[in-house]
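Novice: Next up is a structure, given as structure tokens.
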Amino acid sequence: MTIRVWSYLEEYEKERDDIHEAVETVFRSGQLILGENLRGFEKAFADYHGEEHAVGCDNGTNAIVLGLRALGVGPGDEVITVSNTAAPTVIAIDQIGATPVFVDVHEENFLMDVSQVEPVITERTKCILPVHLYGQCIDMAPLQAIADKHGLPILEDCAQSHGARHHGRLAGTFGKAAAFSFYPTKVLGAYGDGGATITNDDETAARLRRARYYGMEDVYYVVETPGHNSRLDDVQAEILRRKLGRLDSYVEGRRAIARRYEAALADTDLIFPRVEDGNEHVYYVYVVRHPERDRIIEGLKEKGISLNISYPWPVHTMTGFAKLGYEVGSLPVTEALAKQIFSLPMYPSLPQDRQDCVIESLREVLKNL
Ligand SMILES: *Cc1c(COP(=O)(O)O)cnc(C)c1O
């Protein structure tokens, strides 16, 4: 038996008719781009969050790029974020000519250490970009207080936290805007690429809409501020609209697997990330920590089980970001975690016998270390 860390195939078998119907609906609608199905999804996604606007775009990286631009961030500005994240968080900042400024993460939950944010604020700081990593929200109240004190907007990176809650409120409803990815592996995934940025602010939404469409209003052929071509096509939007209705059940499925892993592995020396009080985790990835990480991955590979590392190379240590001037050792918790963390297979349709196989194999590998 081979078990992959993620697959959409079981889910596709269950949802095939609905997915095909979505494709058929759009193909027969006569509008493939910026049509009524895109608008339908945008409305549903905004409503789900209780926000005024959702603006679809081509991927999560560009949802951040468009979000930063809409918030007025540009060349030479600084954006505070973390290095323990998917590279695209940082790529997006780099892409608009802004400079990422990193703070470290907490040892227990792997999330942004908010207490380090205020000391790195300078007069060039234009935005704070927290990442609700792995499916759990960062501590928003103190971050909001710092942002308010310094008059800085927060753009939330919600690419891993669709449906996650923090003291009852959905991820993405805290900041001035929030960026989502619908890359297929994500908690809400398309059958291809997709992204969206949500906001309550009318002017920010108008800027987002123009920026994803060359800089034009949807209907006029006039550009004031040159933008991008970053549209979400209607086929993906209609698939996403249908899948959005199942988001809460996907999250429930992920939580059930997380509970099984935790119960079955509690007596091993694996270190589980702490779920903070007030957080409802959605387990985009199920990350654990162990000093013998590489041997564990090797051992499970021999048994046909593939594990993932999210992420093996902290962004500030990548050669592509050497220009930022971060020395090795500058973000000690991030760097230590990168050597020890790994993720177990996690997706809501992962069959139970496969979950059992992961658990048994992992227990055996740990015993024989
Ligand atoms: C996936 C991801 C992105 C980028 O999304 P894409 O759709 O792949 O461009 C950005 N930030 C985080 C934290 C992600 O996990």
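Novice: Per 10 Å bin, what is the whole-percent P(r) computed from every C-alpha pair distance within the stretch 15-173?
Specialist: Histogram of Cα-Cα distances, whole percents per bin: 10, 35, 33, 15, 7, 1.
Novice: Oh, and also: If each of ARG124 and ALA264 carries a label point 7 Å out from its Cα toward its Cβ, how far apart are those two points in nm?
Specialist: For the pair ARG124/ALA264, the computed spacing is 5.0 nm.
Novice: Apply the a/c threshold of 1.5 to the C-alpha gyration tensor of the stretch 247-367 and tell me whether it is rounded, prolate or oblate.
Specialist: prolate
Novice: Of the GluC sites (Glu not before Pro) in the stretch 30-139, which ones lie in a loop per DSSP and count no more than 10 other C-beta atoms within 10 Å?
Specialist: Passing sites in the stretch 30-139 are GLU123.
Novice: Considering amide H positions built from the backbone, and no H for Pro or chain starts, which residues 5 or more places from TYR286, or on another chain, come under 5 Å of its amide H?
Specialist: Here LEU344 satisfy the definition.
Novice: Taking N as the number of residues in the chain, what is its alpha-carbon radius of gyration divided by 2.2 N^0.38 Å?
Specialist: Normalised Rg, Cα atoms only: 0.99.
Novice: On a full-extension model of 0.36 nm per residue, what is the gain between SER330 and ARG363, subtracting their alpha-carbon distance, rounded to one decimal in nm?
Specialist: Length gained between SER330 and ARG363: 8.4 nm.
Novice: Moving to a separate point now. How high is the FRET efficiency from HIS167 to VAL222, r the C-beta distance, R0 41 Å, rounded to 0.05?
Specialist: Working from the Cβ atoms, E equals 0.40.
Novice: Let me check against my output: what whole-number percent is the relative contact order of the chain, with C-alpha pairs under 8 Å and at least 6 apart?
Specialist: 23 percent
Novice: For ALA190, enumerate residues with amide H under 5 Å from its amide H, sequence gap 5+ or separate chain, H modeled in the peptide plane.
Specialist: Residues meeting the criterion, in which the H sits 1.01 Å from N, are TYR183.
Novice: What aspartates and glutamates could a cross-link reach from LYS367, if we take a straight Cα to Cα line under 19 Å and drop same-chain neighbours fewer than 8 places away?
Specialist: GLU262, ASP267, ASP269, GLU292, ASP294, GLU298, GLU302, ASP356
Novice: Can you work out the FRET efficiency for the pair GLU10 and VAL275, with r the C-beta to C-beta distance and R0 = 22 Å, to the nearest 0.05?
Specialist: 0.25
Novice: Could I ask something else about it? Quick one: grab the alpha carbon gyration tensor of the stretch 242-290, order the square roots of its eigenvalues as a ≥ b ≥ c, and give me rounded if a/c is under 1.5, else prolate or oblate depending on whether a/b is larger than b/c.
Specialist: Because a/c hits 1.5 or more and a/b exceeds b/c, the stretch 242-290 counts as prolate.
Novice: What FRET efficiency, computed as 1/(1 + (r/R0)^6) with R0 = 30 Å and r the Cβ-Cβ distance, is obtained for ASP248 and SER306, rounded to the nearest 0.05?
Specialist: Working from the Cβ atoms, E equals 0.60.
Novice: Give me the distance in nm between label points sitting 7 Å out from Cα along the Cα-to-Cβ direction at ASP202 and TYR214, one decimal.
Specialist: Between ASP202 and TYR214, the simple spin-label model gives 2.7 nm.
Novice: Something else about it: Considering amide H positions built from the backbone, and no H for Pro or chain starts, which residues 5 or more places from ARG165, or on another chain, come under 5 Å of its amide H?
Specialist: Amide H to amide H, under 5 Å and 5 or more residues apart or across chains, ARG165 pairs with ALA171, GLU280.
Novice: From the square roots a ≥ b ≥ c of the eigenvalues of the alpha-carbon gyration tensor of the stretch 102-258, which class results: rounded (a/c under 1.5), prolate (a/b over b/c), or oblate?
Specialist: Note, shape of the stretch 102-258 comes out oblate.
Novice: Can I ask one more? Below 8 Å between Cα atoms, with a sequence gap of 6+, how large is the relative contact order for the stretch 135-288 in percent?
Specialist: After rounding, I find 25 percent.
Novice: Over the stretch 247-367, what is the relative contact order in percent, taking alpha-carbon pairs closer than 8 angstrom and at least six residues apart?
Specialist: Across the stretch 247-367, relative contact order equals 36 percent.
Novice: Gap in Å between the Cα centre of the stretch 204-269 and the Cα centre of the stretch 78-119?
Specialist: What the calculation gives is 21 Å, centre to centre.
Novice: Given the C-alpha centroids of the stretch 123-186 and the stretch 1-19, what is the distance between them in whole angstrom?
Specialist: With the stretch 123-186 and the stretch 1-19 each reduced to a Cα centre, they are spaced 30 Å.
Novice: Same structure again: Rounded to the nearest 5, what is the percent of antiparallel bridges among the DSSP beta bridges in the chain?
Specialist: Around 60 percent of the beta bridges assigned by DSSP in the chain are antiparallel ones.
Rule-based calculations on the coordinates, nothing more; no lab input. Note that the coordinates shown come from a computational prediction; the quantities given were computed from them, not determined experimentally. Please note: Cβ atoms are built from the backbone with ideal geometry, for glycine as well, and neighbour counts cover all protein chains shown.
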